[in-house]
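Worksheet: the structure to be examined is printed underneath.
The values are calculated or read from the model by the stated rules, or taken from the named source; none is laboratory data. In this text, all values refer to a predicted model and were calculated from it rather than measured experimentally. All Cβ positions, even for glycine, are placed from backbone atoms using ideal geometry, and neighbour counts span all protein chains on display.
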Amino acid sequence: MQTYKITTESGRIDKVASELDPTLSRSAAKEMIDSGLIKINDTIIKAKTTVKAGDIVSITAREPETLEVIPEDIPLDIVYEDDDVIVVNKPQGMVVHPAPGHTSHTLVNALLFHSPLSTINGTYRPGIVHRIDKDTSGLLMVAKNDNAHQSLSAQLKAKTNLRKYVALVHGIIEEDEGTINAPLGRSPKDRKKQAVVANGREAVTHFKVLERFEHYTLIECQLETGRTHQIRVHLKYINHPIAGDPIYGPKKTLKGNGQFLHASELGFAHPVTGEFLTFKAPLPTIFERTLEQLRLNDKS
């Protein structure tokens, strides 16, 4: 159990707990509060309870679950590895981590065969600090131990790491660069989708144009925050959905293996040495071939 003495009035306990422990998201903190694992002054409380100066916040870690995810000998494109972290280039079509009822053929299965991973995220997400969608390709940082996981998670919360993506979108973006600042949350119309909503969580995406075609634009996106489906929803919001996106894009689109979105560049401070490391991954073959076809047949 970790205990923290609060010196100033700090707001709702779910928000405060996620700030005290960088490995906890706000939603995870709420689940722990509901389970009685996070308390104020040794008293069970609700997520909306306000933390005041002088309060003692206690956070009790969940009992580790028995690991049921089976390591699988699946080839990995490892860009970098040492005793603390792995940087892997995930192929399009691979799910990052198992879920109940789907416990095989994921990146985590492959990673567990390759190396021990941090235990902070429990049975189904060992080592996973951040995710990208199944049909998004590119770079992910993975923690091999709990100390590394805490450091990398803290960097994500502090917005000090680097995450750049390349996306091919519908339509012509006139501006050379811009910023989309629009809060995201679950769509009120479709609970399986994310949407821009007034009471959503802060979400900021910066973009710049790399190349224009007659009907499409190639852009680079840099994440300031990392919400679920953030780039996909933000680009739809400005009426430039990602080509090939089966959820947020139009039906008439470019043929591929899902959305043309690639996590091309990743940077973070090494959890032990503090050195800032940056990595790049080339576009997948289908992405490059599509661009070649557009340069021939869809000139601006």
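Filter the stretch 9-41 down to the residues that are within 11 Å of Ser58 (Cα to Cα) and of a type in the set (Gly, Ala, Ser), then identify the one that is farthest from the chain's Cα centre (by Cα).
Gly36
Hey, can you tell me all the residues within the stretch 153-190 that are hydrophobic (A, V, I, L, M, F, W, C) and either within 29 Å of Arg212 (Cβ to Cβ) or touching a His at 6+ places or on another chain (Cβ under 8 Å) (or both)?
Leu156, Leu162, Val166, Ala167, Leu168, Val169, Ile172, Ile173, Ile180, Ala182, Leu184
What strands (runs of 3 or more DSSP E), lying completely within the stretch 1-75, carry at least 3 residues that are crowded, with 18+ Cβ neighbours inside 10 Å?
38-40
Would you confirm whether any residue within the stretch 110-121 is closer than 20 Å to Thr136 by Cα and either surrounded by fewer than 18 Cβ atoms within 10 Å (Cβ to Cβ) or touching a Ser or Thr at 6+ places or on another chain (Cβ under 9 Å) (or both)?
So far as the stretch 110-121 goes, no, none of its residues is closer than 20 Å to Thr136 by Cα and either surrounded by fewer than 18 Cβ atoms within 10 Å (Cβ to Cβ) or touching a Ser or Thr at 6+ places or on another chain (Cβ under 9 Å) (or both).
Please find, among Ala110, Ala61, Ala99, the residue that is closer than 20 Å to Leu24 by Cβ, in contact with a strand residue (DSSP E or B) (Cβ under 9 Å, 6 or more places away or on another chain) and aliphatic (A, V, I, L, M).
None of the others qualify; the one that does is Ala61.
Only one residue in Ile173, Ile132, Ile86 is closer than 18 Å to Glu265 by Cα, part of a loop (DSSP other than H, G, I, E, B), of a type in the set (A, V, I, L, M) and at pLDDT 90 or above. Which one?
Ile132
So Pro126 clears everything in (1) over 15 Å from the mean Cα position of the chain (by Cα); (2) crowded, with 21+ Cβ neighbours inside 10 Å; (3) assigned to a loop (DSSP other than H, G, I, E, B) except one condition, right? Which one?
It is condition (1) that Pro126 fails.
If you go through the stretch 136-154 one residue at a time, do you hit one that is part of a loop (DSSP other than H, G, I, E, B), surrounded by fewer than 17 Cβ atoms within 10 Å (Cβ to Cβ), outside the structural domain of Glu19 (by TED's automatic domain parsing) and not aromatic (Phe, Trp, Tyr)?
no
Identify all residues within the stretch 190-226 that are surrounded by fewer than 19 Cβ atoms within 10 Å (Cβ to Cβ), touching a helix residue (DSSP H, G or I) at 6+ places or on another chain (Cβ under 6 Å) and either more than 30 Å from Lys15 (Cα to Cα) or hydroxyl-bearing (Ser, Thr, Tyr) (or both); write none if there are none.
Across the stretch 190-226, the qualifying residue is only Phe213.
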